[in-house]
1. Test Pro174 against the criterion of being under 17 Å from Cys55 (Cβ atoms) and either at pLDDT below 95 or buried (at least 17 other Cβ atoms within 10 Å of the Cβ) (or both), and give yes or no.
2. Out of everything in region 55-66 that is of a type outside the set (Val, Ile, Thr) and buried (at least 20 other Cβ atoms within 10 Å of the Cβ), what residue ends up being nearest to Leu42 (Cα to Cα)?
3. Within region 189-215, take every residue that is farther than 17 Å from Thr5 by Cα and among the hydrophobic types (A, V, I, L, M, F, W, C) and give me the one that is surrounded by the fewest Cβ atoms within 10 Å (Cβ to Cβ).
4. Give, as residue ranges, the strands (runs of 3 or more DSSP E) completely inside region 158-257 that count at least 1 residues that are more than 30 Å from Arg88 (Cβ to Cβ).
5. Looking only at region 79-99, count every residue that is at pLDDT 95 or above and outside any helix (DSSP H, G or I) and tell me the total.
6. Here are some residues: Thr178, Thr225, Thr234. Which one is under 23 Å from Thr122 (Cβ atoms), among the β-branched types (Val, Ile, Thr) and in contact with a helix residue (DSSP H, G or I) (Cβ under 6 Å, 6 or more places away or on another chain)?
7. Of all the residues that make up region 100-140, how many are within 15 Å of the chain's Cα centre (by Cα), of a type outside the set (A, V, I, L, M) and not in a loop (DSSP other than H, G, I, E, B)?
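The values are calculated or read from the model by the stated rules, or taken from the named source; none is laboratory data. Quantities reported herein were computed from a predicted structural model and do not represent experimental measurements. We place every Cβ from the backbone using ideal geometry, glycine too, and count neighbours over all the protein chains shown.
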Amino acid sequence: MNIITCIKQVPASSKVEVDPETGVLIRDGNNVKMNPYDLYALETAYQVKSMSEECRIHSVTMGPPSAKSVLEEALYMGSDEATLISDRRFAGADVLATAYTLSQLIEHIHDYELIICGKQTTDGDTAQVGPEIAEFLSIPHVPYVKEIIDVKDKTILVRSAYDDYDELVEVAFPCLITVEKGLNVPRLPSYKRRIEKQDYKIKTVTMRNLKDKNPDNYGLNGSPTQVDEIFPPTKRTDSIKIEGSSDELSKSIVEILQESRFL
């Protein structure tokens with residue numbers, strides 16, 4: 001079995017800068033980390049590998065050259081291969097253009113049975129990229145996976161968690177799943193694997209390597225949604241002291257919430 005894990009480099013804190021012209025986050029390789037949900041996706045891939053014979057794991061990410069650091073982390077955790085897809089024409093992509101770019105990369109890699117993504121990223125929280133990749137590849141997908149129950153020759157059985165119920169789903173390969181936090185305990189990068197992988201060269205793919213070379217389908221050009229305005233939230237510490245009886249207090253609180261448009 002061949003597994004592809006999609007991972008992403010995200011800001012390590014809330015102190016991020018925004019490009020005033022494009023309205024997108026400035027990603028310069030500083031103060032970044034692997035998306036937390038992707039750590040669970042990687043560990044899930046390693047667990048599936050332990051349940052299957054002759055399994056290889058290929059980690060991929062989209063971003064600037066500095067995003068190779070998360071691929072190195074994935075290699076030191078247990079991935080067998082890693083590929084970065086990077087091109088200035090991919091900059092400013094929304095979730096749809098990002099998913100399309102990653103689907104083109106996966107078609108370029110071609111050899112896979114299972115794709116594993118984290119449920120969402122901490123810098124976007126849309127939870128859309130994984131399912132959209134599956135739609136572009138025309139393969140089935142299962143979101144919100146909280147447990148891998150069984151891996152067979154042609155199918156995988158998982159438990160998917162929704163708001164009010166769990167669902168057991170057996171899906172045929174090739175397929176894509178997105179995983180929840182808490183599915184497992186992600187391992188730490190191994191010093192031994194770092195030594196073993198010190199001569200490994202992470203592959204880089206650009207638009208010229210893809211089947212679709214039309215720049216209108218990538219980055220800002222290929223994004224049907226545009227950010228109108230984005231800015232860091234203003235931190236406020238204003239406080240109001242309310243005094244009176246319980247009835248007076250409750251009435252005052254309701255009025256304040258209504259004035260603030262919370263009610």
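1. So Pro174 passes the test.
2. It comes out as Ser59.
3. Here the answer is Ile195.
4. Those strands (runs of 3 or more DSSP E) span 166-172, 175-179.
5. 9
6. Numbers: Thr225 fails: in contact with a helix residue (DSSP H, G or I) (Cβ under 6 Å, 6 or more places away or on another chain); Thr234 fails: in contact with a helix residue (DSSP H, G or I) (Cβ under 6 Å, 6 or more places away or on another chain).
Every option except Thr178 fails the conditions.
7. Matching residues across region 100-140 total 8.
Rundown of residues vs (1) at pLDDT below 90; (2) farther than 23 Å from Thr98 by Cβ, yes/no style:
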{"residue": "Arg187", "(1), (2)": "no, yes"}
{"residue": "Leu210", "(1), (2)": "no, no"}
{"residue": "Gln226", "(1), (2)": "yes, no"}
{"residue": "Ser252", "(1), (2)": "no, yes"}
{"residue": "Arg261", "(1), (2)": "yes, yes"}
